[in-house]
Amino acid sequence: MGSKWKNFKQVFTWSGIPEGDGLDWPIEQLKQKADKRVRSVRYRAVEDYSGVCCPVTKGVKTFFTTPCTEEPRIALSKGDLILATRGLKHWMYGEKILDSAADGGIRERGWFPRKCVEKCQYDSETDQPVDGEKKNR
């Protein structure tokens, strides 16, 4: 309720003029980003993937169920670490964990075939060991 109240106070002020432009909700966005980091799951690439839109070499089902979005595909090399935030049956969306010194602060996000990755021994970005299945919320 705390962040919702702060967002409410940004819109309804004593002066009658809302703070901000009404498009950005910095308090709520920060909370959502923190929640997303907690829910993200760490994977390791076990197969190379070039980043092509419709990969023929990753299986027929993967080929025919390619996500129909304008979001990019990311190339994977065996051993890459990825934080996955969402997924479909044969595809996942996430962000590569890059060496911050070498990448210059550029974040690489996009879709990749689920077949190319396996779940890491440590489940989330917080490095908590996996305790079997995730609990239902």
Handout entry: Residues whose placed amide H lies under 5 Å from that of ILE97, excluding near-sequence neighbours
Key = LEU81, ILE82, LEU83
Exercise for the section: Would you kindly derive the ³J(HN,Hα) couplings of the stretch 38-49 from the backbone phi angles with the Karplus curve 6.51 cos²θ - 1.76 cosθ + 1.60 (θ = phi - 60°), listing them in order in whole Hz, with x for Gly and Pro? Expected result: 5, 7, 5, 10, 8, 10, 10, 6, 10, 9, 6, 9
Problem - lysines whose Cα lies under 22 Å from that of LYS89, excluding same-chain neighbours fewer than 8 positions away - result: LYS36, LYS58, LYS61, LYS78, LYS115, LYS119, LYS134, LYS135
Problem - Where labels lie 7 Å past Cα in the beta-carbon direction, separation of CYS120 and VAL11 in nm - result: 3.8
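Summing +1 for each Lys or Arg and -1 for each Asp or Glu, what net charge is found among the other residues whose Cβ lies under 12 Å from the Cβ of LYS61? Before the final figure, lay out each step's value.
Values: positive: LYS58, LYS89, ARG114, LYS115; negative: none.
The answer is +4.
Compute the orientation-averaged projected area for the stretch 40-119 from the convex hull of its Cα atoms and round it to one decimal in nm². Display every interim value, and only then the final one.
Details: hull surface 20.0 nm².
Computed as one quarter of the Cα hull surface, the answer is 5.0 nm².
Taking Cα pairs under 8 Å and at least six residues apart, what relative contact order does the stretch 40-119 come out at, in percent? Before the final figure, lay out each step's value.
Details: 158 pairs, mean separation 31.9, N = 80.
Relative contact order of the stretch 40-119: 40 percent.
FYI, it's all coordinate maths here, none of it is from the lab. Only a predicted model underlies this, so the values are computations on that prediction, with no experimental measurement involved. Reconstructed Cβ throughout: ideal geometry from the backbone, glycine too, with neighbour counts over all protein chains shown.
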